[in-house]
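All remarks here apply to the structure that follows.
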Amino acid sequence: MKNEGPFILEWIAWHRAVGVTDFLVFTNDCTDGTDKLLDRLDDMGIVRHMANPALGSDATNFQPVALRYLPYTREMREVDYVISMDVDEFINIRVGEGRFEDLFAATGEFDVLSMSEINHGSNNKLAYERKWVTEAYPGHQSTTPGKQKAHRGVKSITRLSPRVNAIRNHRPDVSQNLGQAIWRDGSGRARPGFLKDPEMNGWDCRGAYDLVSLDHFPLRSLECFLVKMHRGDVVVADKSVSNRYWRTRNNNGETSSDLTRFGALARKEYDRLLTDPTLASLHEACCTAHEARIASLAGVKEFEERKKWIFSEAWDGEIPEAYRQPTSEAAE
């Protein structure tokens, strides 16, 4: 994580409620209090927070370095299942009570369970609001796309065993020298294609959402997206988030992937976390820092140009007066 402070407690509360037992979080170069908030969660026994090992070298590909370091951690040695996730991703279990035991009972045995993503768009929200992401952005891309738009990325729950050679961001590397591994999708179907092609990070999502989806909130509001753009990429140094990133993910036309069903249990855990006054104060500081960063980007040429492009090319909501194109009549 880097500068994700306002969104961490919702994400932790949600996944504790669905059954995650251990969180190992790597951070680098935080300026919004993310690292301090995670230190407090570490003190409380909720997470294990570590500085990204890339900081000890000249490496800037932070995510791959952290994943390569993962096997050397106690958490990796002791857990049964592992997944690499980001704080804008939520595991949405659609069976039973919405917990991992319900999912595992429904899927049956597996070595890897890869969940297809559903990207939630900006929902035409311009401003950052101190609201839960899972409630504020219900609109998302289609779960029944046509063939041309059916390829979606995945994140994978991996059962640890001697078969697993490495954990990567989207999928593990699995040895085929120890018998046939069982690789399933979010509907519990066998999908052996990933075993044949180690470079695959996604697949045809059609029919893959029956049991679980990975609901992804990559944009949030336009203001939050600009902060993400300012933060930079976690894999490639000095890479900015592109216009294409916004265009391909800002889809809001469907609301079938509902996360509110499990919200009450997650909210109960969230409220319990905030009874710690130190944690509550740190969360407030992160939100304030996020708002300050948004204010600091106002008027900066690079970010103003990005906003103008979005409003003219990839925005369905009301456009602020300052960014509206003059009508031909007004121009005359």
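Points to keep in mind about this one:
- Cα shape, the stretch 224-307, gyration tensor, a/c 1.5 rule: oblate
- Test item: Cα-centred dipole of the stretch 44-86, Lys/Arg +1 and Asp/Glu -1 on Cβ, debye: 100 debye
- Given a 1.4 Å probe and the protein chains as shown, D42 ends up with an accessible area of around 50 Å².
- Residues with amide H under 5 Å from that of L126, placed H, sequence gap 5 or more: L222
- Rough spin-label spacing in nm, given labels placed 7 Å along Cα→Cβ, for D86 and Q325: 3.0 nm
- For the chain, the longest principal axis of the alpha carbon atoms and the long axis of helix 301-313 meet at an angle near 90°.
- The GNM of the chain, with springs linking C-alpha atoms under 10 angstrom apart, assigns the highest mean-square fluctuation among R74, R16, R191 to R74.
- Placing pseudo-labels 7 Å out from each Cα toward the beta carbon at V79 and S57 gives an inter-label distance of 2.3 nm.
- Highest-fluctuation residue, V79, V212, V87 considered, GNM on the chain with Cα pairs under 10 Å: V79
- Over the stretch 62-111, volume per residue of the alpha carbon convex hull, in Å³: 109 Å³
- Stretch gain in nm, segment A166-D22, where the contour uses 0.36 nm per residue and the Cα spacing is subtracted: 50.0 nm
- Share of carbon and sulfur in the accessible heavy-atom surface of the chain [1.4 Å probe, %]: 48 percent
- Among W183, W309, W246, residue whose mean-square fluctuation peaks in a GNM of the chain (springs only between Cα atoms under 10 Å): W309
- The residues of the chain expose on average 48 square angstrom of accessible surface per residue, using a 1.4 Å probe on protein heavy atoms.
- Modelled label positions at S242 and R189, each set 7 Å beyond Cα in the direction of Cβ, lie 2.9 nm from each other.
- For the stretch 194-201, 3J(HN,Hα) computed residue by residue from phi via the Karplus equation (6.51, -1.76, 1.60; θ = phi - 60°) reads 5, 5, 7, 10, x, 8, 5, 10 Hz, glycine and proline entered as x.
- Across the stretch 169-257, counting alpha-carbon atoms alone, Rg and Dmax equal 16.8, 49 Å.
- Listed options for Cα extents along the principal axes in Å are [x] 58, 42, 34; [y] 74, 49, 43; [z] 63, 40, 38. The value calculated from this structure is the one marked [y].
The values are calculated or read from the model by the stated rules, or taken from the named source; none is laboratory data. Being a predicted model, the structure only gives us computed values, none of them experimental. So basically every Cβ, Gly included, is an ideal-geometry build from the backbone, and we count neighbours across all protein chains shown. Calculation scope for accessible area: heavy atoms of the full protein, side chains included, ligands and nucleic acids excluded. Shrake-Rupley method; radii C 1.70, N 1.55, O 1.52, S 1.80 Å.
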